[in-house]
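> Before I ask anything, here is the structure I am working with.
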């Protein structure tokens with residue numbers, strides 16, 4: 001009998017939580033739809049539709065409650081217990097100010113959830129911007145064939161085609177990369193020479209947008225010393241070069257001479273464009289030249305078997321590792337941007353974990369007012385608890401009443417914080433404009449932060465769900481201890497001193 005009753009209580013509790021999570025999913029689904037609408041119609045329509053969505057959710061909940069009201073009036077988590085818990089939350093100031101503390105608790109939960117969503121979204125935006133700036137002149141994944149003897153023009157084209165057809169891969173193309181010395185105006189420097197086709201170079205937004213002199217129109221064109229290359233601004237300044245000047249590039253290959261030891265192979269090129277990205281290594285060492293020219297200069301015309309992949313999302317490297325390996329259909333070496341920028345990847349990951357932990361602590365702290373309000377509610381309602389016990393309400397019924405009182409605060413606060421945080425992130429540019437209008441100065445100067453489009457914010461809906469789930473669970477856990485204490489109140493002792 002005891003197990004049967006316990007099973008029923010557990011079932012009702014699970015049904016209650018299921019209804020709550022269904023409501024959360026409904027709101028999240030509506031927010032996803034509204035996120036697309038706001039891009040086309042603006043903030044005011046979003047606010048209007050958000051109000052309609054909340055009203056519809058409210059009607060849905062009330063309809064479900066009305067439907068189950070009669071049969072569940074005296075059952076666990078039934079309408080009677082719900083009405084009592086709601087009534088206790090709306091206590092007057094003369095009854096201990098529980099209502100005021102409940103309002104403060106709601107505000108704390110709402111602000112904590114909203115702050116967590118806002119900060120996480122802005123951090124995701126900054127992370128994507130940092131990655132784009134860091135690897136804007138590089139690839140996301142690199143594939144190199146193991147068996148050099150089987151490399152041919154046709155096999156490399158077929159490999160390019162197979163890799164480019166993978167879902168999530170933006171483009172795949174052959175390239176070469178060599179570290180060598182360069183000379184101009186009696187100045188010598190070390191450089192990283194990258195062989196690439198003109199159409200692939202233009203796809204590097206960071207390079208194409210950072211051209212300060214010249215252009216890509218003549219890239220790879222011209223015979224002999226007139227063949228045009230592209231190099232970084234710091235490297236050009238160090239060598240005293242401008243567009244149209246000549247640059248000598250050394251090759252690790254050597255050639256024999258009839259009068260002495262072999263000498264390095266060199267070739268003169270013409271500077272066709274100079275770019276500035278704001279990245280020290282890129283601006284100070286990078287030189288882009290035509291793929292065929294680089295193959296002839298450094299490899300004697302032999303294919304290197306290296307292919308660079310650009311992805312739609314730089315974070316898909318782990319997911320695409322196996323598909324890339326399978327599409328190669330031969331033994332290959334695979335490396336990623338994280339392998340080549342391990343310090344940056346580690347710093348971003350550490351920052352991401354640390355900030356999520358900090359804001360989880362913030363949500364926990366925000367739940368303490370809920371605990372305080374429940375403790376005061378139990379203390380002020382000890383006489384009511386005794387009366388309820390004398391008319392037949394069980395200890396478990398008292399526990400459920402006060403548990404629902406606390407979870408109501410958590411649910412409403414979580415919903416409000418969810419909506420506020422998402423709306424803020426979708427309109428962060430408007431918020432930035434308002435702040436800059438008040439302070440009359442740029443919030444994030446472009447020349448310092450490199451943010452030409454304002455504060456970046458990227459909403460990850462999976463993270464939004466977990467934030468809402470975390471807020472609900474923590475606020476629910478904060479009510480368990482006061483609810484247990486309320487259920488243990490002896491009605492005789494409570495009424496004796498009234």
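The values are calculated or read from the model by the stated rules, or taken from the named source; none is laboratory data. The structure presented is a predicted model; accordingly, all values stated were derived computationally and were not measured. Here the Cβ is made from the backbone with ideal geometry for all residues, glycine too, and neighbour counts use every protein chain on show.
> For residue 305, which of the numbered conditions (1) within 30 Å of residue 268 (Cα to Cα); (2) out of contact with any strand residue (DSSP E or B) (no Cβ under 9 Å at 6 or more places or on another chain) fails to hold?
(2)
> Answer with yes or no whether residue 275 is in contact with a strand residue (DSSP E or B) (Cβ under 7 Å, 6 or more places away or on another chain), closer than 30 Å to residue 155 by Cα, assigned by TED's automatic domain parsing to the domain that holds residue 156 and at pLDDT 85 or above.
no
> Identify, from the list 248, 270, 277, the residue that is closer than 30 Å to residue 135 by Cβ and either buried (at least 21 other Cβ atoms within 10 Å of the Cβ) or within 42 Å of the chain's Cα centre (by Cα) (or both).
After ruling out the rest, the residue left standing is 277.
> State which residue is modelled with the lowest pLDDT when the search covers only the stretch 278-296 and only residues that are farther than 18 Å from residue 152 by Cα and in a helix (DSSP H, G or I).
The extreme case among them is 280.
> Any idea how many residues of the stretch 313-335 are more than 16 Å from residue 160 (Cβ to Cβ) and part of a strand (DSSP E or B)?
The total comes to 2.
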